[in-house]
Amino acid sequence: MPSTLNIAMPDDWHLHLRSGEMLAKVLPFTSQHFSRAIVMPNLPSPVVTTAGAIAYRQEILSYLPKAHQFTPLMVLYLTEKTDPDDVRAGFLSGDISAVKLYPAGATTNSDAGVNDLEKIYPVLEIMEEIGLPFLVHGEVVDAEIDIFDREAVFIDTKLSPIRARFPKLRIVFEHLTTKEGVDYVLSCAENTAATITPHHLVINRNAMLVGGIKPHYYCLPVAKREHHRLALKAAATSGDSRFFMGTDSAPHLSHAKESSCGCAGIFNVANAIAVVTQVFDNENALDQLEKFLSLNGANFYQLAVNEQKMTLTRSNKAIAIPEDIKTSAGKVTAFDPMMDVYWDVTG
Ligand code: NCD
Ligand code: ZN
């Protein structure tokens, strides 16, 4: 069994960096271990234009530690008013790497998202033509649909019709959480892919609900039953080119999660690579790790694989759970995977 691995430097294909002090505090955890990240645009005032994305990228780069090389890949937040010409211009200038669909009300800062999918068809038409990836938060928001079923229902009622209408559209089903989602992606052609988070590979809904309510395991889409986790793990460790890691690291102040109405999101980026490597090791699938962390996503986004390398080392002692982050407004709790992790990034 190897105790050292060398892989191409990973990228994070789904990341929340926030802004201001929180951005300053969380960014170094990403920029030390990832070359690039798809940066989610769901700020309190969302990133809805190319000009807004350029300004946000400037803010991110202003906080980048000098010793780190990191490229934020910017994403437009889709609204019913998004201008197709701005999307095309942002793509052509290289400032926009993708466009994200948030069904209105589905998750953090999604109120400005989309209610009526037909209203975004003109944008999707352009995206299909130019090959710009369409990133999907795949959950319906209907009050009568159980929260544990919202991803599966989204596939049947929303995503399938979009794919039928725009067969060449390049789609990323973000933060997949169900077996139905895995099966759906596998049934599609190569232009549909999916991100999978570290936490959905290691927790099921018991983590959140057994022995007391555990708000630091609450995220959206919410963790499901064990058989869904097993399907996600099988997909990630298979090496199939359609699956790649997006951490969905989503920092919130701990007191906003430990609340009578706690917000959704897990801050996992500090141990994301270590946890995923341990999952692959436990499955005897370390030979597929580089595909999931460093190759499949770059290929899907039609970017060169990073030339820089990363070294991972397995030790005999389990690594510690990362420390909380301190901000002037309070702390951010880091992800505890509730399993022993012996791998860590060492170079
Ligand atoms: C994300 C956030 O807080 O921005 N939360 C989460 O639980 N994943 C939003 C999202 O990706 O749904
Ligand atoms: Zn997210």
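Confirm whether ALA143 is open to solvent by 10 Å² or more (accessible area, probe 1.4 Å), within 16 Å of ligand 1 (Cβ to nearest atom) and assigned to a loop (DSSP other than H, G, I, E, B). So ALA143 fails the test. When the residues of the range 240-256 are filtered to those that are within 15 Å of ligand 2 (Cβ to nearest atom) and over 11 Å from the mean Cα position of the chain (by Cα), the one that is least open to solvent (accessible area, probe 1.4 Å) is PRO251.
Residue by residue through the range 161-182, note down the ones that are in a loop (DSSP other than H, G, I, E, B), in contact with a helix residue (DSSP H, G or I) (Cβ under 7 Å, 6 or more places away or on another chain) and farther than 11 Å from LEU232 by Cα. Correct list: PHE166, LYS168, LEU169. Scan the range 28-53 for residues that are over 15 Å from the mean Cα position of the chain (by Cα), free of Cβ contacts under 8 Å to residues at least 40 places away in the same chain, within 16 Å of ligand 1 (Cβ to nearest atom) and surrounded by 19 or more Cβ atoms within 10 Å (Cβ to Cβ) and jot them down. VAL47 - this is the single residue of the range 28-53 that is over 15 Å from the mean Cα position of the chain (by Cα), free of Cβ contacts under 8 Å to residues at least 40 places away in the same chain, within 16 Å of ligand 1 (Cβ to nearest atom) and surrounded by 19 or more Cβ atoms within 10 Å (Cβ to Cβ). Count of the range 183-202 residues, restricted to those that are open to solvent by less than 10 Å² (accessible area, probe 1.4 Å) and either closer than 14 Å to PRO221 by Cβ or in a helix (DSSP H, G or I) (or both), is 9.
For the range 29-77, filtering for residues that are assigned to a helix (DSSP H, G or I) and either of a type outside the set (A, V, I, L, M) or in contact with a helix residue (DSSP H, G or I) (Cβ under 8 Å, 6 or more places away or on another chain) (or both) leaves 12. Exactly one residue out of LEU286, LEU293 is over 28 Å from ILE96 (Cα atoms), in contact (Cβ under 8 Å) with a residue 60 or more places away in the chain and touching a Pro at 6+ places or on another chain (Cβ under 7 Å): that is LEU286.
The values are calculated or read from the model by the stated rules, or taken from the named source; none is laboratory data. Note that the structure is predicted; figures quoted are calculated from it, not measured. Neighbour counts run over all protein chains shown; Cβ positions are idealised from the backbone, glycine included. Note: accessible area is taken over every heavy atom of the protein model, side chains too, but ligands, DNA and RNA are not part of it. Shrake-Rupley method; radii C 1.70, N 1.55, O 1.52, S 1.80 Å.
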